[in-house]
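Below is one structure; the comments refer to it alone.
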Amino acid sequence: MKNSKGVKKLTINIIFGTVFLAAVAMFALAGNNFTSPAHPPKNNVSVLGERQIIEIMAKGGYVPKNSVAKADMPTVIKFNTQGTFDCSSSVRIPALGLSKNLPPDGATELEVPPQKAGTTLNGLCVMGMYKFSIDFK
């Protein structure tokens, strides 16, 4: 009889453990609607009127890490966040003296003056852990 209870207890623990791990995996996958760094968006730079918009996703880093934009054109960097509570929610672009705290959810636009061809703007989070760059050509 004791052996039967031990087997039942072990079976219940295995079932609960499996359900728990499955729930954690589903939560982790469902919570990240952003493109992964391994699969960055194909084209995150678009021209709208006389300015270009560079879209960067901020959550656990910046995606894409590297962007290529047109030189000598007014530019907006649009940071998109969704459930962003890490240090990537505080972005800096030292060369421009820009620093901005991003909301946990939404879009934040930063105006960037036209950059000369060959310029690379480097951005980072407040802790310096996550980085991105924009090359102007």
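A few remarks follow.
- Across the stretch 50-63, the qualifying residues are those that are part of a loop (DSSP other than H, G, I, E, B) and under 8 Å from the mean Cα position of the chain (by Cα), and the one among them that is farthest from LEU110 (Cα to Cα) is GLY60.
- Matching residues in the stretch 100-129 - criterion: being of a type outside the set (A, V, I, L, M, F, W, C) and either open to solvent by less than 60 Å² (accessible area, probe 1.4 Å) or free of Cβ contacts under 8 Å to residues at least 24 places away in the same chain (or both): LYS100, ASN101, PRO103, PRO104, GLY106, THR108, GLN115, THR119, THR120, GLY123, GLY128
- Scanning the stretch 70-99 for residues being open to solvent by 50 Å² or more (accessible area, probe 1.4 Å), out of contact with any Asp or Glu (no Cβ under 6 Å at 6 or more places or on another chain), assigned to a strand (DSSP E or B) and under 16 Å from GLU55 (Cα atoms) gives a total of 1.
- Flag if ALA58 is farther than 17 Å from LYS137 by Cβ, of a type in the set (A, V, I, L, M, F, W, C) and touching a residue at least 40 places away in the same chain (Cβ under 8 Å): yes
- Given (1) surrounded by 11 or more Cβ atoms within 10 Å (Cβ to Cβ); (2) at pLDDT below 90; (3) charged (D, E, K, R), index of the condition LYS2 fails: (1)
The values are calculated or read from the model by the stated rules, or taken from the named source; none is laboratory data. Remember, it's a predicted structure, so these values are computed and weren't measured experimentally. Here Cβ is always computed from backbone atoms with ideal geometry, including for glycine, and neighbour counts include all displayed protein chains. Accessible surface areas use protein heavy atoms only, side chains included; no ligands, DNA or RNA. Shrake-Rupley method; radii C 1.70, N 1.55, O 1.52, S 1.80 Å.
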